[in-house]
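Comments concern the structure below.
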Amino acid sequence: SVIARFLQIFEIVARKDITPKKLLDAINQDGNQDMADILSALDCLYALGRIKFNKKGDKLHYVKIRKV
């Protein structure tokens, strides 16, 4: 499921900004992951505003939720 990938992505991106390629490599170390699910999860997280690209536009950045 796409939603199941969110936590996996958060755990990596929250530690440091990372290129999409390195993120995909980190998630798919054994080569058995469904890349379509991972890419769909990235699309969803980006659309939800939970990840974005850094100012240079080359790395993914974790966006913390601000409490009101």
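Each reported figure results from applying straightforward, stated rules to the coordinates on display, with no laboratory input. The model shown is predicted, which means the values in this text are computed figures rather than measured ones. Note: ideal-geometry Cβ built from the backbone for every residue, glycine included; neighbour counts use all protein chains shown.
Details
- Lys, Arg +1 and Asp, Glu -1 on Cβ, resulting dipole of the chain about Cα centre, debye, nearest 20: 620 debye
- A run of the chain free of exposed loop cleavage sites, with trypsin sites (Lys or Arg not before Pro) counted only in DSSP states other than H, G, I, E and B and at most 14 other beta carbons within 10 Å, reaches its longest extent at 17-54.
- For the chain, lysine pairs with C-alpha atoms less than 20 angstrom apart, excluding pairs fewer than eight positions apart on the same chain, total 17.
- With the simple model of a label 7 Å out from the Cα in the direction of the Cβ, Lys52 to Val2 spans 2.1 nm.
- Farthest toward positive dipole pole in the chain [+1 Lys/Arg, -1 Asp/Glu at C-beta], among Ile51, Asn32, Leu7: Ile51
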